[in-house]
Amino acid sequence: MWIVRLALNRPYTFVVLAILILLLSPAVILRTPTDIFPNIDIPVISVAWTYTGLNPEDLETRLTTPFEKGLTTLVDNIEHIESTTYNGTAVVKIYLQPGASVDRANSQVVALSGFILRLLPPATQPPEIINFSASSVPVLQIGVSGPGMSEQQLNDLSLNFLRTQLITVPGAVIPLPYGGKPRQVMINMDQNLMQAKNVSPSEVLNSVNAQNLILPSGTAKIAESELDVRVNVTPRTVSELGDLPIKQVGAKTIYLRDVARVSDGFGLQTNVVRQDGHRGVLVSILKAGTASTLDVVAGIRTVLPRAALTLPPQSKISPIADQSLFVRSAIDGVVREAVIAAALTGVMILLFIGSWRSTLIIAISIPLSILSSILVLSFLHETINIMTLGGLALAVGILVDDATVEIENINRILEEGHETEIRQAILDGAQQIAVPALVSTLCICIVFMPLFLLGGVARYLFVPLAEAVVFAMLASYILSRTLVPTLVMYMLKLNERRGESQNPFVRFQKRFEKGFGQLRNSYRDVLTQCVETRRVFIPAFLGICLCSFLLVPWLGQDFFPQSDAGQFILHIRAKTGSRIEETARLSDLVEDTIREKVPPAELDNILDNIGLPYSPLNTMHATSGVIGANDVDVLVSLRKNHRATADYVRELREELPREFPGVSFYFLPADIVTQILNFGLPAPIDVQIEGANVQASHEIAERILTELHQVSGLTDLHIQQPLDYPTLEINVDRTKAAQAGYTERDVASSVLNSLSGSFQITPMFFVNWNNGVSYNLVAQTPQYRLQTVKDVQNIPIAGGSKANPEILADVASMQRSREMAIVSHFNIRRVVDIYGAVQDRDLGAISQDVQQIVDANRKSLPRGTFITIRGQVETMRSSYLGLIVGLGFAIVLVYMLIVVNFQSWLDPFIIITALPAAMAGIVLFLFFTQHDPECSGTDGRSDVRRGCDRQ
């Protein structure tokens, strides 16, 4: 009561406060990040190690496992550890406990990485470490191409010149470019020439390493000057490298150019990018977890024209797959629905109240309450997203209650003639409804309080929604105690509703009010009958409500509704061990099939990303499950007014396996919503088999996979970890090698330098003085010279006592074998994953069928082997459980609050009995509209406000 009197005594204070809210809101909204979801700040640290040429199983044993064990010793608050070991690369992700300090964990991981280097294979370089976030997803792709430009040039320009300009955009995370050929200075060793001149790879490497130095010289004071002394310790041109002497044979000097071709070339190509069939380079733009997708994309597009001027004029930069369009569309859709809801609410209030002044006062309180909530959310560092906006849209219909009830009560006092002074009528009306309005507002706020008890992803998604509603409700109540009475004092008239009016709108409202009065009288008659026959009506009513709940098993379950982003991503997995050239040829054929299915008028572009990225940084951000050169991600973008994307996906799922037998196909999430909810996984369902014997786990996975194929709606099933990667085993006869004066190190080093290059063990660099870039200097035998097993057998070996180096075939035998393509860990134990997606069926029903299959197979598992269902389905289940428990807890809290207000146990119970009918109505509505329940729609409020208002 005191606050109402204060508002009436100092009316300008609260009017100015309302004006300040209106003035501050635009500036705050523009500075608040806008995105599809709130920031999912689950603390994860990703670490990538590189050891070029080492196979996955050796790398797992010698690097990944020791590092993971070190993490369990020196890093605090670990929730679990995941890792994937590829050929030459290991990626370890450390998931921390909720609330753990990421800064502290980062320092501990860095300290461990430095300490453990001496326990790892020789020449292991320190790892790359980043903070991984589910919200860091690609928001824009930039294709770089140009007529007459080689892949080497495109990769060099994108890496050293374009990327460095774009990285300055706030919130942008830019991995190294995909595709092209990594520019480096190559010493391409010719085995035939080396054999003819008795030169081994080790001799070439040692000679170059000894003559390509980085050493300072100093100064010399000569005469009146102090001269800077410079020694030609490093060649300044590529041609000078070729003039380096390798060794002296008698009076003849053998130069590097005599046994190798030195060129400004490129490294081994493991990644190919093509746009509409033309090779190029792809620069992927990710957003940092807390950044705004709209701001990041807008910033990149602003910088691009300036960055393009630093590239050659023939280069072409093409933005592709702009996710900001999807985000903006989603945000605009929610805002549009909220505006429509507010407009309809205003119309209904005007229709029932019949006073434009009262309606205007109520309408003013709606945007002010919403803007107040946004101001508080921004102060708490929340973003503007579909969850917060959805909460505000949900609250629009509720926000009018405080002001409506107060104005109606004031009008009632005036019409009944209890007061002749409007100021006193305002005070009396506000006092009469003060407690009921407060209780009803608190009831609605309490409903959302249990959302703060959720954990995991659900907490980050639904807490901002709850905050938006609660802050808006509290703002609405405060405005109804301050601004609304002030406006009533100035705008309402004592005789506003007295007398007849010829205004057609007023006459229409009178007729509506008369008709509604008749409806109310009819309702009263029906209610009277129900009360008189309550012994029959109450059981019948409850029976109908209970019967409606029998429809629940026929309702599906989904985490979030499906959306059409106007694009889809097809993943192709060719035969394990396929060359990247063969994978590219297969991709051409698949593209032809896609173009047959998608009409040219609807097809925008097709972007292929073939093979593994060059940088471990890119691998840490990868979410498609790529494992090698036999993998392809095909991004197909559609034009506006296209046919439903799901229809094309459905058709391709049926057609591609028939047309390309032996090739695996599965579709990845293309929209930003699903990418975030999958949290780095390529599919929403992950059946994970964990065991010490990976071969036995793989056999179990194959058996389960056969059963999962029978589940309706479960598609894109595949085992992530193949065991059939082809290998060529080189078995060195150590006795023969020793008799020839060679050690195992001599043989292995020669093979390494020929096949993988010298950079891992002996990194060397060459500065291009024209552009100021330092490139890797690598000695290696070109791959085109090693096309057969015989070519491998002819690799020269150095280091022995013989004057003439022998070849590999003299001391070793070779045979073909197989190995694991990748090795995956969960908490340091090997795992095998079965990934699956959903189609034409809800995720909840499919997960139940999958759970039954898993439970049936769990009984026959060997000791120490476990099966777990992970992925989005795991998050959905925990979210549903948390929301359902929270709903029950909210009902209890609301009941207790009303008991305190009414000082009665029975009256609040009568009010609460409205809930079964509300729940039954929800079930019936979902059933007849064929909508599945979703976590995004399971929040709500108790229908107790009217009962409280009528206390």
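The values are calculated or read from the model by the stated rules, or taken from the named source; none is laboratory data. Treat the numbers as computed from the prediction; the structure is a model and nothing was measured. Here Cβ is always computed from backbone atoms with ideal geometry, including for glycine, and neighbour counts include all displayed protein chains. We work out accessible area using only protein heavy atoms, side chains counted, and drop any ligands, DNA or RNA first. Shrake-Rupley method; radii C 1.70, N 1.55, O 1.52, S 1.80 Å.
Beta bridges per DSSP, both residues in the chain: antiparallel share near 95 percent.
Estimated translational diffusion coefficient (Stokes-Einstein, Kirkwood radius over Cα pairs, 10 °C, 1.306 mPa s) of the range 635-717: 103 µm² per second. Could you run the Debye sum over the Cα atoms of the range 349-399, one equal point scatterer each and no solvent, and tell me log10 of I(q)/I(0) at q = 0.18 Å⁻¹, two decimals? The Debye formula, applied to the Cα set alone, gives -0.63. Projected label points at residue 252 and residue 535, each 7 Å from Cα along the beta carbon direction, are separated by 12.2 nanometres. The Rg/Rh ratio for the chain, using Cα coordinates for both the radius of gyration and the Kirkwood hydrodynamic radius, is 1.08.
Along its three principal directions, the equivalent ellipsoid of the range 584-685 from the Cα gyration tensor extends over semi-axes of 23, 18, 14 Å, largest first.
Annotation: lysines with alpha-carbon distance below 28 angstrom to residue 640 (same-chain offsets under eight excluded): 287, 316, 597.
Between the C-alpha center of the range 17-91 and that of the range 840-887 there is a gap of 25 Å.
Once the chymotrypsin sites (Phe, Trp or Tyr not before Pro) in DSSP loops with at most 12 neighbouring Cβ atoms within 10 Å are cut out of the chain, the longest remaining piece is 1-768.
Counting only heavy atoms of the protein chains and using a 1.4 Å probe, residue 533 has close to 70 Å² of accessible surface.
Three principal axis extents describe the C-alpha atoms of the range 163-282; from largest down they are 57, 54, 20 Å. Taking the Cα atoms only, what angle lies between the long axis of helix 102-116 and the longest principal axis of the chain, rounded to 10 degrees? Once rounded, the angle reads 20 degrees. Taken along its principal axes, the alpha carbon cloud of the range 849-933 reaches lengths of 61, 34, 20 Å, longest axis first. Give the relative contact order (percent, whole number) for the chain; include only Cα pairs under 8 Å separated by 6+ residues. After rounding, I find 18 percent. Volume of the convex hull of the range 50-136 (Cα atoms only), normalised per residue: 95 Å³.
Just to verify a number: FRET efficiency for residue 381 and residue 431, C-beta to C-beta distance, R0 = 60 Å, to 0.05? Step by step, r from the Cβ atoms, then E = 0.95. Taken over the alpha carbons of the range 187-245 as equal point scatterers, the Debye sum produces base-10 log I(q)/I(0) values at 0.29 Å⁻¹ of -1.19. For 78, 594, the ranking by accessible surface with the largest value first comes to 78, 594, using a 1.4 Å probe. Dipole magnitude for the range 53-122: about 200 debye, using +1 per Lys or Arg Cβ and -1 per Asp or Glu Cβ, origin at the Cα centre. Shown here are the Rg and Dmax of the Cα trace of the range 117-190, at 16.6, 49 Å. Annotation for the range 384-431: GluC sites (Glu not before Pro) lying in DSSP loop with at most 16 further Cβ atoms inside 10 Å of their Cβ are 416, 421. For the range 539-615, the average shadow cast by the Cα convex hull is 10.6 nm², which is a quarter of the hull's surface.
Note on residue 530: accessible area approximately 30 square angstrom, rounded to 10, probe 1.4 Å, nucleic acids and ligands left out. Take residue 767: with every protein chain present and a 1.4 Å probe, its accessible area is about 50 Å².
Note that the range 252-269 has calculated 3J(HN,Hα) couplings of 9, 9, 9, 9, 4, 5, 6, 10, 7, 9, 8, 8, 7, x, 8, x, 4, 8 Hz, one per residue in order, obtained from phi through the Karplus relation 6.51 cos²θ - 1.76 cosθ + 1.60 (θ = phi - 60°); glycine and proline are x.
Expressed as a fraction of 2.2 N^0.38 Å, the C-alpha radius of gyration for the range 755-901 is 2.08. For the range 72-121, the average shadow cast by the Cα convex hull is 3.8 nm², which is a quarter of the hull's surface.
Angle check, please: helix 694-708 long axis (alpha carbons) against the longest principal axis of the chain (alpha carbons), in degrees 0 to 90, nearest 10. Tilt of helix 694-708: around 40 degrees. For the chain, the fraction of 1.4 Å probe accessible surface lying on carbon and sulfur atoms is 57 percent. Computed over protein heavy atoms with a 1.4 angstrom probe, the accessible surface ordering of 791, 35, largest first, is 791, 35. In whole percents, the pair-distance distribution calculated for the range 475-611 from its alpha-carbon pairs, binned every 10 Å from zero, is 8, 13, 12, 14, 15, 12, 14, 10, 2.
Calculate the translational D of the range 270-324 in whole µm² s⁻¹ from Stokes-Einstein, where the hydrodynamic radius comes from the Kirkwood formula applied to all Cα pairs, the temperature is 20 °C and the viscosity 1.002 mPa s. For these conditions, the coefficient is 164 µm²/s. For the chain, the solvent-accessible area works out to 47 Å² per residue, with a probe of 1.4 Å and every protein chain left in place. The orientation-averaged shadow of the Cα convex hull for the range 239-378, equal to a quarter of the hull surface, comes to 17.1 nm². Over all pairs of different C-alpha atoms in the range 1-112, the reciprocal of the mean inverse distance, the Kirkwood hydrodynamic radius, equals 18.6 Å. From the Kirkwood radius over Cα pairs of the range 715-761, Stokes-Einstein at 4 °C and 1.567 mPa s returns a whole-number translational diffusion coefficient of 94 µm²/s.
Of 306, 818, 703, the order by accessible heavy-atom surface (1.4 Å probe, DNA, RNA and ligands excluded), from most exposed downward, is 306, 818, 703. Quick check: net charge around residue 213, other residues with Cβ under 14 Å of its Cβ, Lys/Arg +1 and Asp/Glu -1? Within the 14 Å Cβ shell, the charges total +1.
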